[in-house]
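Just so it is clear, none of the values below were taken in a lab; they were calculated from the coordinates. Keep in mind it's a predicted model, so treat the numbers as computed, not measured. Note that we place each Cβ from the backbone using ideal geometry, even for glycine, and neighbour counts take in every protein chain shown.
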Amino acid sequence: MVKQQAIEQKKEDKSRSEVTSLQRGLAVLELLAQRPDGATLSEITEHLALPGASVLRLARTLVDLGYLVRDDSSKKYYMTKSFLMLGEPRTATRGLSECAIAAMRRIRQATGETTQLCCLIDVEMVIIEQLISVHPFKYSADLGARCPSYSCAPGKVIIAFLSDNEREETLGRIQFKRFTPNTIVSKRAMRDELAQIREQGFALDREEGMAGIHCVAAPILDRQGFAIAAITIAGPSSRVREDEFEVIGEIVREGARQASNEFNQ
């Protein structure tokens, strides 16, 4: 009886230890997800208030698994694309990035601008794939970078093409904040914008999240016609001009339609 109790206690202690390690590993990932510029081991340890040896062991494990990478010169750890792919929409055989990449290449060739594939996580837009502009001066962002959905074209277009219920639920969770004079800062203005987006089939960002940057985005739709992601181009307003929004919108919309067809095969 005593021996059996000892065995059960050992199993319980092991299970508790595994849960603790999982919690700490997720805490490391969550921290680095908010730090696209990376963090050193000491910075992670200090921020999470965890034992240094434990953080080192977790970091090495996550590197071995391919979810983190360590830069030898800066000693910083960074998230890898592998973690982003865990939440990527997938068919039975392919991920969304694979389905969209050919269309993204055609869009970049036609516009010359940075072309991104984005998904919505809660009320934030997240970049999961990117083709950099061909111009010497270019806009770019880190994979995994997030921004408020209401202040960028891909975020707005995804919300616009959600189901009615999901769209209203998402709007209810948004806390609006002004980033530029053009930022949408009310639900009423956002609803008006979303209605216009649904009518024209693409969304615009007129320096709403960042001064000097314009974006044009179109939705990737599932078989029911609801958005699962968006393709967007982003570049300086001097090149992505307002008088060309309609033409660029058609280019991006056609590319997103091609990606939708690939994904829904």
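The H on the amide N of CYS147, modeled in the peptide plane, is under 5 Å from the matching H of MET125, each at least 5 residues off or on a different chain. For segment 32-165, the alpha carbon convex hull comes to 162 Å³ per residue, rounded to a whole number.
Coupling constants for segment 121-131 follow from the phi torsions by the Karplus curve (6.51 cos²θ - 1.76 cosθ + 1.60, θ = phi - 60°), and in residue order they are 10, 6, 10, 10, 8, 10, 7, 10, 7, 7, 10 Hz; glycine and proline get x.
Could I get the Rg over Rh figure for segment 154-265? Both from C-alpha atoms, Rh via Kirkwood, rounded to two places. Kindly include the intermediate steps, with their values, before the conclusion.
Numbers: Rg = 13.9 Å, Rh = 14.3 Å.
Dividing the radius of gyration by the Kirkwood radius yields 0.97.
Please work out, to two decimal places, the log10 of the ratio I(q)/I(0) at q = 0.09, 0.16 Å⁻¹ from a Debye calculation in which every Cα of the chain carries one identical scatterer. Once normalised to I(0) and log-transformed, intensities are -0.48, -1.18. The Cβ shell under 13 Å around THR183 holds other residues with a net charge of 0, Lys and Arg each +1, Asp and Glu each -1. Annotation: aspartates and glutamates with alpha-carbon distance below 13 angstrom to LYS76 (same-chain offsets under eight excluded): ASP37, GLU43.
A simple rule links phi to the HN-Hα coupling: the Karplus curve 6.51 cos²θ - 1.76 cosθ + 1.60 with θ = phi - 60°, which for segment 109-115 gives 4, 6, 9, x, 9, 4, 10 Hz, with x for Gly and Pro.
Electrostatic tally near PRO236: other residues with Cβ closer than 11 Å to its Cβ, Lys and Arg +1, Asp and Glu -1, net +1. Pairs of Cα atoms nearer than 8 Å and 6+ residues apart set the relative contact order; for the chain it is 16 percent. Computed from the C-beta positions of GLU98 and ALA53 and an R0 of 41 Å, the FRET efficiency is 0.55 to the nearest 0.05.
Helix-only mean residue ellipticity at 222 nm, the chain, DSSP H runs n ≥ 4 weighted -39,500 (n - 2.57), per residue, nearest 500. What is it? If you can, show how the numbers build up before the last one.
Numbers: 9 runs with 125 residues, N = 265.
Per the formula, -15000 deg cm²/dmol.
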